[in-house]
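Below: the structure, in structure tokens.
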Amino acid sequence: MIKRLIPLGTLAFFAALPASAQPPAVITDIAPVGSLVQAVMGDLGTPEVLLPAGSNPHQYQLRPSQARALQDAGLLIWVGPELTPWLARTSENLGANLQSLPLLALPETHRRDYGAGHDDEHAHEHGDDHDHDHEAEDHAHSGTDSHAWIDPENGKLWLEAIAHALSEADPENAATYAANAKAASAGIDEVTSELTAELAPLASAQYAVFHDAYGYFSERFGLQPAVAISLGDASTPSAARLTEIRAQIRDKQVRCAFPEANHDARLVDRAIEGTDARLGEPLDPLGSELPLDAAMYPQMLRGLGKTFAECLGKP
């Protein structure tokens, strides 16, 4: 059975991993997590990221080569089944010797819940194995928001957890992992300071987004909660919901509506028809247009901040 590695405290080490003379083969789920792992590993290794740019993390079919890599890997570092329920099942079946670090399950990770009124279009993000008609009427739903990587404080915490996990597997390089994590954390602090100053003047600005994925970012940087046009990124809102969203956009005097990278912007266009909201550039919470390296994670954060600021900052 796959082993889950969750520390008892912030600085606690993980349950013993089989020590080796070299870094373990590491598998990650999404590019932002892969970037954090790469920052910690540095020149010692390169993690394999399962989700190609533009893929939907909630619904994905592994290629045979990826299934083999998962079977042969020593360590799986991922957000958790709330984001990729299919990976939980697959890793159980394929990874007999695989150690698992689900980052969202770390006790110190900042987690937020979706509020009341969220629908079953989003249920697949919470490990719900039931089939839903994604074009059906909206239904109330709540649960843990799985987009925790766009909170930079979570990114810093995860760097430390990744360094501990790698050090347990490869103690000879523990000092390198710790130093790399510390340097990457300082880089995240720098970005956080920049974005805090850049976004502070926009604290009262109202905006809409393609789907409900930006709560962690808005909370961290003091932005207003977004109006979510679609409550799931694999669903099409009903006509009744679009009418309701247009009313919210008018009532709240929404300034900007943001599409999302790798999704059709026409839905956002339809939602703002007849309102004073303008169309912003696409938000890219997965950094899908960035090179996948150690610098990708802070660049993804900067990109989100720049996209918000460029539209919301216009008079």
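The values are calculated or read from the model by the stated rules, or taken from the named source; none is laboratory data. Remember, predicted model here, so these are calculated numbers, not experimental data. A quick note on method: Cβ atoms are made from the backbone with ideal geometry, for glycine too, and the neighbour counts reach across all protein chains shown.
Overview of values
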item: Positions within segment 193-226 being in contact (Cβ under 8 Å) with a residue 40 or more places away in the chain and out of contact with any Asp or Glu (no Cβ under 9 Å at 6 or more places or on another chain), in sequence order; result: Glu194, Leu195, Glu198, Leu199, Pro201, Leu202, Ala205, Gln206, Tyr207, Ala208, Tyr214, Leu223
item: Number of positions in segment 261-273 that are assigned to a loop (DSSP other than H, G, I, E, B) and surrounded by 13 or more Cβ atoms within 10 Å (Cβ to Cβ); result: 5
item: Single condition Val254 does not satisfy, out of (1) in a helix (DSSP H, G or I); (2) over 18 Å from Pro57 (Cα atoms); result: (1)
item: Residue in segment 258-268 that is more than 24 Å from Pro32 (Cα to Cα) and without any contact (Cβ under 8 Å) to a residue 60 or more places away in the chain present; result: yes
item: Top-ranked residue in segment 280-294 [being surrounded by fewer than 16 Cβ atoms within 10 Å (Cβ to Cβ) and in contact (Cβ under 8 Å) with a residue 12 or more places away in the chain; ranked as nearest to Arg266 (Cα to Cα)]; result: Glu289
item: Some residue of segment 93-101 being free of Cβ contacts under 8 Å to residues at least 60 places away in the same chain, assigned by TED's automatic domain parsing to the domain that holds Ser146, surrounded by 15 or more Cβ atoms within 10 Å (Cβ to Cβ) and over 20 Å from Ser167 (Cα atoms); result: yes
item: Search result, residues across segment 121-167 that are of a type in the set (A, V, I, L, M, F, W, C) and either part of a loop (DSSP other than H, G, I, E, B) or modelled with pLDDT under 50 (or both); result: Ala123, Ala136, Ala140
item: Breaking point among (1) within 24 Å of Asp276 (Cβ to Cβ); (2) of a type in the set (D, E, K, R); (3) at pLDDT 95 or above, for Glu194; result: (1)
item: Hits in segment 274-315 - residues which are within 18 Å of Leu50 (Cβ to Cβ) and assigned to a loop (DSSP other than H, G, I, E, B); result: Pro285, Leu286, Gly287, Ser288, Leu290, Pro291, Leu292, Asp293
item: Residue list for segment 153-194, filter: touching a helix residue (DSSP H, G or I) at 6+ places or on another chain (Cβ under 6 Å), closer than 22 Å to Val79 by Cβ and small (Gly, Ala, Ser); result: Gly155, Ala163, Ser167, Ala181, Ala184, Ser185, Gly187
item: Neighbours by Cβ (under 6 Å, 6+ apart or cross-chain): first from segment 142-170, touching a residue at least 12 places away in the same chain (Cβ under 8 Å); second charged (D, E, K, R) and surrounded by 24 or more Cβ atoms within 10 Å (Cβ to Cβ); result: Ser146/Glu125
item: Residue list for segment 21-50, filter: free of Cβ contacts under 8 Å to residues at least 24 places away in the same chain and either under 17 Å from Gly155 (Cβ atoms) or assigned to a loop (DSSP other than H, G, I, E, B) (or both); result: Gly45, Thr46
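Let's see how each residue does on (1) under 24 Å from Ser185 (Cα atoms); (2) assigned by TED's automatic domain parsing to the domain that holds Tyr297; (3) modelled with pLDDT under 90; (4) not basic (Lys, Arg):
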| site | (1), (2), (3), (4) |
| --- | --- |
| Leu8 | yes, no, yes, yes |
| Thr84 | no, no, no, yes |
| Pro107 | yes, no, no, yes |
| Arg112 | yes, no, no, no |
| Ala116 | no, no, yes, yes |
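A quick yes/no check of all residues on (1) closer than 29 Å to Thr236 by Cα; (2) assigned to a helix (DSSP H, G or I); (3) not aliphatic (A, V, I, L, M):
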position: Gly187; (1), (2), (3): no, yes, yes
position: Leu195; (1), (2), (3): no, yes, no
position: Leu199; (1), (2), (3): no, yes, no
position: Ala205; (1), (2), (3): yes, no, no
position: Phe210; (1), (2), (3): yes, no, yes
position: Ala213; (1), (2), (3): yes, no, no
position: Phe217; (1), (2), (3): yes, yes, yes
position: Leu223; (1), (2), (3): yes, no, no
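Residue by residue, here is whether (1) more than 20 Å from the chain's Cα centre (by Cα); (2) not assigned by TED's automatic domain parsing to the domain that holds His110 holds:
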{"site": "Ala161", "(1), (2)": "no, no"}
{"site": "Glu168", "(1), (2)": "yes, no"}
{"site": "Pro171", "(1), (2)": "yes, no"}
{"site": "Asn180", "(1), (2)": "yes, no"}
{"site": "Ala197", "(1), (2)": "yes, yes"}
{"site": "Val209", "(1), (2)": "no, yes"}
{"site": "Gln224", "(1), (2)": "no, yes"}
